[in-house]
């Protein structure tokens, strides 16, 4: 059985510099993760807050033995945002491309194709691999079967599945946090900071449904794909991505490490996750080619 | 600022609508095959290979162009279906293929050099770097812009790129960046990228309740209407939701896009083509909207204003409510 690696995805939410520093200190010291993504992915307006902490965070993570990946903005728009994508793509470290904007300055060097880049089939995956993609984390709406089929046909890259966290479902030019507070994006007052896991969006019948995080829309529910490691290995899928929430992410990483090492059964891992202080109930519909909000039997 | 005449690009869901759009003054029509290779995969819509060839002949005889949308993302193990659609479009004599998937773009660029490639809005390319990448790799000649850019941003973009831009002026208003929105598949299992549908009709229910009608999608209540109130279609991002202690149309009001009043602004921003959305609409609708926009575009091209377009189009918008969307910066 081949080793399944664990990746911590970028923080989607507007966490204060102190919160980010504390979070990554614990991740560096305690979490059994192989790779950690850092960087602002959702909103360029937040970058002046988080940019100053990244050097310290990266140093700490690397000293803790983690491979650091620099994640780029998913929808760069302003000159400053575009420049930041270009600068990050020039870095010697591994970089996650979250928009085609990053490809010209990263082509030829290795990169991760993040879940905001549309890779739906083996031919598109091969196209990106030829440009330098080493890891591909396909869009969250793709099933495990589809990702596995791509992986089998593209053994030269690692495929990663979005396994844990609120699912990133959409991006807009409009900021919903600002809109809820009667503000415009340009004068948003950074109200998204009040919702460190995103703000729940319920239906008129109080069904839990979605969550907003500035210009991003996520699921209210929390993805919890808990596959047996041999099921992953059979499809050639070599990485699981855990997406940060405010719950105990060190414990989430430990649960997935035990699962990936076949020291815990999928049902037990799922139960252990459900005991954490999560922003929503557990779902895994997408990986089973069902609507994302559904809950199905473990693989 | 461009001095070329702007092109009016109009929807053709069926051969009859194609003829109607051409006769009403469309410079170009766009259409797709009757399968999952295009983003309007509804029963009863779209073209067979023969219908497309016939449509191309008709359009060319009347001085119009035909653009073929092959703009969903190809399915694993079935990429050949998308490649074959591109082959058929090229063989039909169509003027351009509109695509988003790297695999489809690559196939067309390698095998059908004679046909123009347009980058679909589903590719969500909105920066000079992204558009430049598609131009360098695949030779795209035009990019269809996401409906989340302001006029200022479009003008800046046009100054930085050397491919044409096409902007939506009328019809549906996607408030999420197209091609990167999975809300529909989250609720229903069917999505624009994978299936060519958003908020699909087979998942819709209208439930009569004591207080009125609840419009639901896949069991999620998207909106509720009082007795006698007109009932809207439960498109996910146009619904009413509860968030932050408020009940509101959080993402967007149930409005449709009408940028008829912005045609001169779009021209000044350097936009090459104006796109009318609505391949699922009937012949009558398409004729009326195309005719109105033909007049408006011609007026702007003569140096005037697109006067009266709202009056010309009264009654053709969703819920009769319209917005110029993200073209005005305050929308955000």
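The values are calculated or read from the model by the stated rules, or taken from the named source; none is laboratory data. Since the structure is predicted, the reported quantities are computational estimates derived from the model, not experimental observations. Neighbour counts are summed over all protein chains in view; Cβ atoms, including those assigned to glycine, are modelled from backbone coordinates with ideal geometry.
Numbers for the structure displayed
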quantity: Hits in the range A:127-139 - residues which are within 10 Å of chain B (Cβ to nearest Cβ), surrounded by fewer than 24 Cβ atoms within 10 Å (Cβ to Cβ) and under 20 Å from residue A:162 (Cα atoms); calculated: A:128
quantity: Candidates B:242, B:238 - the one that is surrounded by fewer than 23 Cβ atoms within 10 Å (Cβ to Cβ), over 28 Å from residue B:19 (Cα atoms), modelled with pLDDT of 90 or more and within 14 Å of chain A (Cβ to nearest Cβ); calculated: B:242
quantity: Residue A:276 being under 22 Å from residue A:112 (Cβ atoms), surrounded by fewer than 23 Cβ atoms within 10 Å (Cβ to Cβ) and away from every other protein chain (no Cβ under 14 Å); calculated: no
quantity: Failed item in (1) over 19 Å from the mean Cα position of the chain (by Cα); (2) in a loop (DSSP other than H, G, I, E, B); (3) closer than 23 Å to residue B:193 by Cα, with residue B:93 passing the rest; calculated: (3)
quantity: Qualifying residue in the range B:130-144 (condition: in a loop (DSSP other than H, G, I, E, B) and over 24 Å from residue B:68 (Cβ atoms)); calculated: no
quantity: Any hit, the range B:165-183, residues being surrounded by fewer than 21 Cβ atoms within 10 Å (Cβ to Cβ), facing another protein chain (nearest Cβ under 10 Å) and touching a residue at least 40 places away in the same chain (Cβ under 8 Å); calculated: no
quantity: Filter result for residue A:117 (closer than 22 Å to residue A:163 by Cβ and either modelled with pLDDT under 95 or more than 11 Å from chain B (Cβ to nearest Cβ) (or both)); calculated: no
quantity: Any chance residue A:154 is within 11 Å of another protein chain (Cβ to nearest Cβ), buried (at least 19 other Cβ atoms within 10 Å of the Cβ), farther than 20 Å from residue A:12 by Cα and in contact (Cβ under 8 Å) with a residue 12 or more places away in the chain; calculated: yes
quantity: Residue within the range B:146-155 that is in contact with a helix residue (DSSP H, G or I) (Cβ under 8 Å, 6 or more places away or on another chain), modelled with pLDDT of 95 or more, facing chain A (nearest Cβ under 9 Å) and not in a helix (DSSP H, G or I) present; calculated: no
quantity: Failed item in (1) surrounded by fewer than 21 Cβ atoms within 10 Å (Cβ to Cβ); (2) assigned to a loop (DSSP other than H, G, I, E, B); (3) in contact with a strand residue (DSSP E or B) (Cβ under 6 Å, 6 or more places away or on another chain); (4) within 11 Å of chain A (Cβ to nearest Cβ), with residue B:214 passing the rest; calculated: (2)
quantity: Evaluation of residue B:202 against (1) out of contact with any helix residue (DSSP H, G or I) (no Cβ under 8 Å at 6 or more places or on another chain); (2) at the interface with chain A (Cβ under 10 Å from one of its Cβ atoms); (3) not in a strand (DSSP E or B) (one fails), failing number; calculated: (2)
quantity: Condition broken by residue A:100, with the remaining ones in (1) within 30 Å of residue A:144 (Cβ to Cβ); (2) at the interface with chain B (Cβ under 7 Å from one of its Cβ atoms); (3) over 19 Å from the mean Cα position of the chain (by Cα) satisfied; calculated: (3)
quantity: In the range A:180-199, residue modelled with the lowest pLDDT [restricted to those that are touching a strand residue (DSSP E or B) at 6+ places or on another chain (Cβ under 8 Å) and over 13 Å from residue A:45 (Cα atoms)]; calculated: A:180
quantity: Yes/no for residue A:124 being touching a residue at least 24 places away in the same chain (Cβ under 8 Å) and within 11 Å of another protein chain (Cβ to nearest Cβ); calculated: no
quantity: Qualifying position, being over 16 Å from the mean Cα position of the chain (by Cα), without any contact (Cβ under 8 Å) to a residue 60 or more places away in the chain and closer than 24 Å to residue A:171 by Cα, among A:22, A:18, A:51, A:29; calculated: A:51
quantity: Subset of the range A:12-49 [touching a strand residue (DSSP E or B) at 6+ places or on another chain (Cβ under 9 Å) and assigned to a helix (DSSP H, G or I)]; calculated: A:20, A:24, A:27, A:28
quantity: Some residue of the range A:61-69 being without any contact (Cβ under 8 Å) to a residue 60 or more places away in the chain, more than 29 Å from residue A:264 (Cβ to Cβ) and surrounded by 18 or more Cβ atoms within 10 Å (Cβ to Cβ); calculated: no
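So that you can scan it fast, the table gives a plain yes or no per residue for (1) free of Cβ contacts under 8 Å to residues at least 12 places away in the same chain; (2) in a loop (DSSP other than H, G, I, E, B):
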residue	(1), (2)
A:204	yes, yes
A:211	no, no
A:223	no, no
A:238	no, no
A:250	no, no
A:253	no, no
A:277	no, yes
